[in-house]
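Asks: Mind having a look at this structure? Questions to follow.
Values in this text are rule-based calculations from the coordinates and carry no lab data. Please read all numbers here as calculations on a predicted model, not as lab measurements. Backbone-built Cβ (ideal geometry, glycine too); neighbour counts: all protein chains shown.
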Amino acid sequence: MSINLKLLSSGVVLTLLLLGPAAAGTLFDETSYRSLVGDHRAFNVGESLTVLIYEQASAASSADTDTNKDFDVAGRVRGNYSDHGGSLELSNNFSGGGTVSRSGNLVASISVTVTEVLPNGEMKVSGGQWIQLNEEQQRIEVSGRVRPEDISVNNTVSSTRLADGHIDYIGDGLLGSRQKPGILTRVFNWLF
């Protein structure tokens, strides 16, 4: 009986020596761990958050120009039997002015995806959405950088908190094409 135990114990020792040292590991990864009761804000590449777009812009510009130029020449020639006189008056008057005003409002909410986490902790985000309504296609595209502390507990961020924010609102359809000048208008604007 003792021979079998010696043979068995030497086989176990030989097996352990061939396998090498055992490594102890853990299933816990602190870089990606998320508590079931913690907040669910976006912090990693591939996660989503919602950008609340509340943008309002307005601009106005005006210019007035008045110019006046007058030029008078008078002359008289006298001779022995005749007296000739004449005058020449030239004037140039110009008055011009113009006013440009523009305003716009955009209210939307767009889900974006974290595309990169920068070394300082900020996240690059981008995303877009197509909307089609009454044969009008509209696309809203959003991109920029977000600081983690600007993300609210319900995983939203205001568009005013986007660094290097880029918001495009593009419309295509009958209404969009009606807002462009016609070909005759474009030709006259090119000529004059």
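Asks: Work out, step by step, the length gained on full extension between Gln132 and Asp66: first 0.36 nm times the residue separation, then minus their alpha carbon distance; give nm to one decimal.
Replies: So the extension gain works out to 18.9 nm.
Asks: Can you pull the three principal axis extents for the Cα set of the stretch 46-156, in Å, largest first?
Replies: Per principal axis, max minus min of the Cα coordinates gives 105, 43, 19 Å.
Asks: Relative to the compact-globule scaling 2.2 N^0.38 Å, provide the ratio for the alpha-carbon radius of gyration of the stretch 99-178.
Replies: Against the compact-globule rule of thumb, the ratio is 1.32.
Asks: Separate question: Once you put a point 7 Å from the Cα of Ser152 and another 7 Å from the Cα of Thr185, both along the Cβ direction, what distance in nm separates them?
Replies: The modelled label-to-label distance comes out at 4.0 nm.
Asks: Counting just the Cα atoms, what span does the stretch 97-139 cover along each of its three principal axes? Round to the nearest Å and put the largest first.
Replies: 52, 35, 13
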